[in-house]
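The values are calculated or read from the model by the stated rules, or taken from the named source; none is laboratory data. Treat the numbers as computed from the prediction; the structure is a model and nothing was measured. Here the Cβ is made from the backbone with ideal geometry for all residues, glycine too, and neighbour counts use every protein chain on show.
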Amino acid sequence: MKTRIVVSAIIEKDGKILLGRKGNGVGPYPDTWQIPGGGARIEEESLVDAVKREVKEEAGIEVYDIKQVAFDEDYAKNKTNEMCHYVFLQFYVLTNEEKVTPGDDIEHLEWVEKKELNKYQYCPPLEKLFKKLGLI
């Protein structure tokens, strides 16, 4: 079984959090809301650089004030339907940019008021993270 190290970012702007919805049948965690992130290239970049790159690829924005908040792991099928061990390194970041552009396998991005976060269906690792941080 493959292991993949994934960096992901809770992105905040003006009290809102950026959420992305995965496409129908697009794994891992299809048809759920997620935060931007993806595979870290740990041989080539620092974790902070990986977060910046992944957010730029997934949402088209720059971030700053990057803070580590949690880590977790899960087992799920990847894009090619193979079981994979995911190690999540989760960060909290800020941005000054409001206009976002979905990239990679995210079909829709939207800014969500913190008080509205409990209305979405999240992938299991994000639901666990949001509960741990008291966001839902």
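Brief remarks follow.
- For the criterion of being part of a loop (DSSP other than H, G, I, E, B) and either of a type outside the set (D, E) or on the phi > 0 side of the Ramachandran plot (or both), K99 passes.
- Among residues of the stretch 92-106, those that are in contact with a helix residue (DSSP H, G or I) (Cβ under 9 Å, 6 or more places away or on another chain), modelled with pLDDT of 95 or more and either small (G, A, S) or over 14 Å from E58 (Cβ atoms) (or both), counted: 0
- Figure legend. Inter-residue proximity from the stretch 43-61: first residues more than 13 Å from L89 (Cβ to Cβ), second residues assigned to a helix (DSSP H, G or I), beta-carbon distance below 7 Å, spacing 6+ or different chains. Indicated pairs: I61/V55.
- The lone exception for I35 - which of (1) within 19 Å of I106 (Cβ to Cβ); (2) of a type in the set (V, I, T); (3) surrounded by 14 or more Cβ atoms within 10 Å (Cβ to Cβ); (4) without any contact (Cβ under 8 Å) to a residue 60 or more places away in the chain it fails: (4)
- Members of the stretch 77-90 that are loosely packed, with under 15 Cβ neighbours inside 10 Å and either part of a helix (DSSP H, G or I) or of a type in the set (A, V, I, L, M, F, W, C) (or both): M83, V87
- Being at pLDDT below 95 and more than 17 Å from Y75 (Cβ to Cβ) is a description that does not apply to V7.
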